[in-house]
Structures are given as structure tokens and as C-alpha cells.
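Asks: Sharing a structure with you now.
The values are calculated or read from the model by the stated rules, or taken from the named source; none is laboratory data. No experiment lies behind these values; they were computed from the predicted model shown. Positions of Cβ are generated from backbone atoms using ideal geometry, with glycine treated the same way; all protein chains shown enter the neighbour counts. Surface areas here come from the heavy atoms of the whole protein model, side chains and all, with no ligands, DNA or RNA. Shrake-Rupley method; radii C 1.70, N 1.55, O 1.52, S 1.80 Å.
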Amino acid sequence: MSGFFAPYRDYGGEWLPLLLRAMVNTAVLSVCAFALALVLGLLLSLCQRSGLAALRHFAALYVTVVRGVPLLAVLFLLYFGLPGIGIVFDAFGAALAGLALCFAAQIAELFRAGLKAIPAGQGEAALAVGLTPVQSFRLIIFPQVVRVILAPMIVTFVALLKDSSLASLITVNELVLTGRAMATEYFLPLQIYVAVGLCYFAIAWPFSVVSRRLAVPAR
């Protein structure tokens, strides 16, 4: 067992800066992609409730198609496919767009479920006391939706964080790609990939704890 831990003692000083830099890149990619996915997901959920049939059909088609397509295929399409028609993303931009586009569909479904959980009478009551539809949504409906979906939204962020590892396949310098380069250099893949896994755990675990606590009903 001591032989397993020896490389951490011998090379820890060299590995730690590399892994910390990769953790920052992974965190930045995940947070930016999730923020964009939130905006797109909210817009999709509003389209699903729109009075215009074209918007409803577009949102339903988008959610159905995107949820059925692997994230890796989307990343490859954006990074390797689109340059064929003159649209070029760098690796980070392609990963950001791919993660956001794919997880927007999941977030739209969360918003849809959250909106369904709010009794319709609340919106009607808000209109009855003189609020506009926009004010009713912003001040009455949306804050309640956020409380309903906050725990599953955090779980979705953790899923996005873990799926960001696929960005290594389009050369984004995140944790997995850094770990692969380190394993090639040091010939210690077991210890290095264990360290990479612990880095993901260190980022995701606090969010998972918060999600579990939010999911526990108040007594």
C-alpha cells in the first residue's frame, strides 16, 4: 500500500499546480455553460407555455431531439463539423456551446415541471389585484418555481460538471486532458487518475450536500 502512495509524496509538488489549474478551467467551463443553459432553458420553458403554436412546437421538438442526442456527438459537430460550412469555434467555445445547448433541454424540463407545480390560481389572483402578466410571473410565480426546482437544478449542475470531462476529446485543457498528459509523462496512470477523480469529487461534493439538504422536506 505504501508503494501506491509513494508517487504522491515524490511528485505531489509537481502535480498539484497542474491539477489546480485544470480544476479552475473545469469549474469556469462548467459555471459558464450552466449559466448559459439556465437562460436558454428558461426561454425554452416560456416557449412551451407560449400562446403561439410555432413556439410551442419548436420548444417541444428541440427538447425531444437534443435529449436524444449524445453530448459527445454535439461537441464533435460543433468543433469538427461546423468548420466545413465556415463556422469555427475554438475548443473552449465549442465545449461551452455544446454543454449549454444540451443541458438547456434538461433545464427547460425542470422549469416546466416547476411551473406546473404552482397552482394556476396564484397567477390569476395576481392579475386580479392589478399586476401585469410580466409582473405576476416575475414577482409571484418565478420565485416559487425557483424554490421548487433548486435542488434538482443543483443536481443538474453536478451532472454538467461531470459531463464536462468529454470536452477533453476536443482538446479543452480541463481535468481529464491534464490527467491524460500527466499519465503519459509520468507513467503512473492509476495514481494520476485517482487524483483526477478526487478533484472532480472536491468540486461536486459540496453541491451534492446542498442538494440533499434542500431536498429534505422541512419538519
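Asks: Using the Cβ atoms and a cut-off under 15 Å, what net charge is assigned to the surroundings of S136, where Lys and Arg are +1 and Asp and Glu are -1?
Replies: +1
Asks: Something else about it: Can you tell me the length gained on complete extension of the stretch A202 to L214, counting 0.36 nm per residue apart and subtracting the Cα distance?
Replies: 2.4 nm
Asks: Under 10 Å, Cα contacts only: if you run a Gaussian network model on the chain, which one of I85, I203, I192 comes out with the highest mean-square fluctuation?
Replies: Top of the fluctuation ranking is I85.
Asks: Under 10 Å, Cα contacts only: if you run a Gaussian network model on the chain, which one of L188, L169, L44 comes out with the highest mean-square fluctuation?
Replies: Of L188, L169, L44, the Gaussian network model singles out L188 as fluctuating most.
Asks: Can I ask one more? When the dipole is taken about the Cα centre of the chain, and only Lys, Arg (+1) and Asp, Glu (-1) are charged at their Cβ, what size is it in debye, to the nearest 20?
Replies: Dipole of the chain, to the nearest 20 debye: 800 debye.
Asks: Express in nm, to one decimal, how much length is gained between F80 and K116 on full extension, taking 0.36 nm for each residue of separation and deducting their alpha carbon distance.
Replies: Taking F80 through K116 to full extension adds about 9.0 nm, to one decimal.
Asks: Just the Kirkwood number for the chain, please: inverse of mean 1/r across all distinct Cα pairs, in Å, one decimal.
Replies: 19.7
Asks: Also, I was wondering about something else. Anyone know which of A202, A183, A128 comes out most mobile in the 10 Å Cα GNM of the chain?
Replies: A128
Asks: Each residue of segment 36-44 in turn: what ³J(HN,Hα) in whole Hz from Karplus with 6.51, -1.76, 1.60 and θ = phi - 60°, glycine and Pro shown as x?
Replies: Per residue, the Karplus-derived 3J(HN,Hα) values read 5, 5, 4, 4, 5, x, 5, 4, 5 Hz.
Asks: From the phi of every residue in segment 69-79, what ³J(HN,Hα) in whole Hz does the Karplus formula 6.51 cos²θ - 1.76 cosθ + 1.60 yield, where θ is phi - 60° and glycine or proline is x?
Replies: The phi angles translate into 10, x, 4, 4, 5, 5, 4, 5, 4, 5, 8 Hz.
Asks: Right, here's the next one. With unit charges on the beta carbon (Lys/Arg positive, Asp/Glu negative), name the residue among L166, G123, Y11 whose Cα is farthest towards the positive pole of the charge dipole of the chain.
Replies: Looking along the dipole axis, the top candidate is G123.
Asks: Here is a further query. With a cut-off of at most 12 other beta carbons within 10 Å, and DSSP calling the residue loop, which chymotrypsin sites (Phe, Trp or Tyr not before Pro) in segment 125-219 qualify? Please list them.
Replies: For chymotrypsin sites (Phe, Trp or Tyr not before Pro) across segment 125-219 that sit outside H, G, I, E and B with at most 12 neighbouring Cβ atoms in 10 Å, the list reads F187.
Asks: Please arrange E185, E174, E109 by accessible surface area, largest first, computed with a 1.4 Å probe and ligands excluded.
Replies: E185, E109, E174
Asks: Considering only the other residues whose Cβ falls under 15 Å of the Cβ of S211, what net charge follows from Lys and Arg at +1 and Asp and Glu at -1?
Replies: Net charge in that neighbourhood comes out at +4.
Asks: Let me ask you something else. Stretch T184-V28 to full length: gain in nm at 0.36 nm per residue minus the Cα-Cα span?
Replies: Here the answer is 53.6 nm.
Asks: Here's something else I'd like to know. What's the local net charge at I170, with K and R +1, D and E -1, over the other residues with C-beta under 14 Å away?
Replies: Summing Lys/Arg as +1 and Asp/Glu as -1 gives -2.
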